[in-house]
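Scroll down for the structure; my scribbles are underneath it.
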Amino acid sequence: MLWESASATDPGRVRQNNEDICFTRDDPGFFAVADGMGGHAAGEVASHIAMDTLVTRLDEAGCALSADDLARVFADANRAILARAAAEPLKRGMGTTLTVLAAVEEGQALVAHVGDSRLYRFRESRLEQLTRDHTWVQEHVDAGVLTEENARHHPFASVLTRVLGTTTSATPDIEPVDVIPDDLFLLCSDGLSGMVDDPDIDAILAGRSPLARMAEQLIDAANDNGGLDNVTLVLARPRHT
Ligand code: CA
């Protein structure tokens, strides 16, 4: 299944470093975003280790990765980050999110994720979030203790309950995703989803501009709202044949 995609990453308006990284491969469709965290540039190291692990495995496989393959990649990336942190004390505690959309066959893909980098699907003019954030606030929304709106502006909004680079909880959620020809997928770090409300993301995607143009518009929207974090996104859609 052939795809087309555009990606963009920007440090935002406040931060010097960019700890986010993304990856796109249109044949077969394979897209990923990682958002690193940790002092002394360690966040950047963690997100790059995760992405390198993923891309190396994809290249070795030479074909679409299965759910088991993806689960192994997440476990391998977690181990690699822990090993590097053990060897370099300044990088202790570093971690990263990882969200992957992997086409499997015509009409089918897998989404795998740890952390709060999101996958959205824009279909029939409606934006739907397909991943559930692994965050303290999301757990409290699920438990009915916090509203979505309160969660958004909560001081703990970015506290992760699952992350790559920890010994406690790094197991990905892996789910099948059905794909129809006019779907448009958005993968993004919380520098986008935390700065730009879903209705505003929806409005940009509804404009149906070329993918690269919409990617720019989304980055601009995050920066116009303050650009408090690194902003990274991938837009991907199956190509019409
Ligand atoms: Ca971030």
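The values are calculated or read from the model by the stated rules, or taken from the named source; none is laboratory data. All figures in this text were calculated on a predicted structure; none of them were measured in a lab. FYI the Cβ positions are ideal-geometry reconstructions off the backbone, even for glycines, and counts take in every protein chain you see. Heads up: the accessible areas ignore ligands, DNA and RNA and are worked out on the full protein's heavy atoms, side chains in. Shrake-Rupley method; radii C 1.70, N 1.55, O 1.52, S 1.80 Å.
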(request) Taking the Cβ of R57 as the centre, find all other residues whose Cβ is under 9 Å away and add up their charges (Lys, Arg: +1; Asp, Glu: -1). (result) -3
(message) 5 Å is the cut-off here: which amide hydrogens, built 1.01 Å from N in the peptide plane, fall below it relative to Q108, excluding neighbours closer than 5 in sequence?
(response) V179
(request) For segment 183-241 and segment 85-153, write down the distance between their C-alpha centroids in whole Å. (result) 15 Å
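Within 15 Å, Cβ to Cβ, of Q16, how many net charges do the neighbouring residues add up to if Lys/Arg are +1 and Asp/Glu are -1?
Details: positive: R13, R15; negative: D10, E19, D20, E44, D229.
Spelling it out: positives minus negatives among the neighbours equals -3.
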(request) Would you mind calculating the gained length between E216 and A71 on full extension (0.36 nm times residue separation, minus the Cα-Cα distance), in nm to one decimal? (result) 49.0 nm
(request) Using a 1.4 Å probe over the heavy atoms of the protein chains, calculate the carbon and sulfur portion of the accessible area of segment 65-169 as a whole percent. (result) 49 percent
(request) Classify segment 16-89 as rounded, prolate or oblate, taking a ≥ b ≥ c as the square roots of the eigenvalues of its Cα gyration tensor: rounded when a/c is under 1.5, otherwise prolate if a/b is larger than b/c and oblate if not. (result) oblate
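Among residues other than E139 whose Cβ falls under 14 Å from its Cβ, what is the net charge (Lys/Arg +1, Asp/Glu -1)?
Working: positive: R132, R162; negative: D116, D133, D142, E148, D173.
So the environment of E139 carries a net charge of -3.
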(request) Please find the FRET efficiency linking H40 to R13, where r is the Cβ-Cβ separation and R0 is fixed at 25 Å, and quote it to the nearest 0.05. (result) 0.70
(message) Using C-alpha positions alone, give me the convex hull volume of the chain per residue in cubic angstrom.
(response) 116 Å³
(request) Please report, in debye to the nearest 20, how large the charge dipole of segment 78-208 is about its Cα centre when each Lys and Arg carries +1 at its beta carbon and each Asp and Glu carries -1 there. (result) 780 debye
(message) What Kirkwood Rh does segment 78-123 have if only Cα atoms enter the pairwise 1/r average? Answer in Å.
(response) 13.0 Å
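DSSP H helices in the chain with Cα extent of 18 Å or more along the helix axis and mean Kyte-Doolittle hydropathy at least -0.5? Present the calculation step by step, with values, prior to reporting the outcome.
Values: long enough: 42-61 (29 Å, 0.27); 67-87 (30 Å, 0.37); 211-224 (19 Å, -0.06).
Taking the DSSP H segments of the chain (at least 18 Å long, mean hydropathy at least -0.5), we get 42-61, 67-87, 211-224.
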(message) Using a Gaussian network model on the chain with a 10 Å cutoff between Cα atoms, which of S158, S209, S193 fluctuates the most?
(response) S209
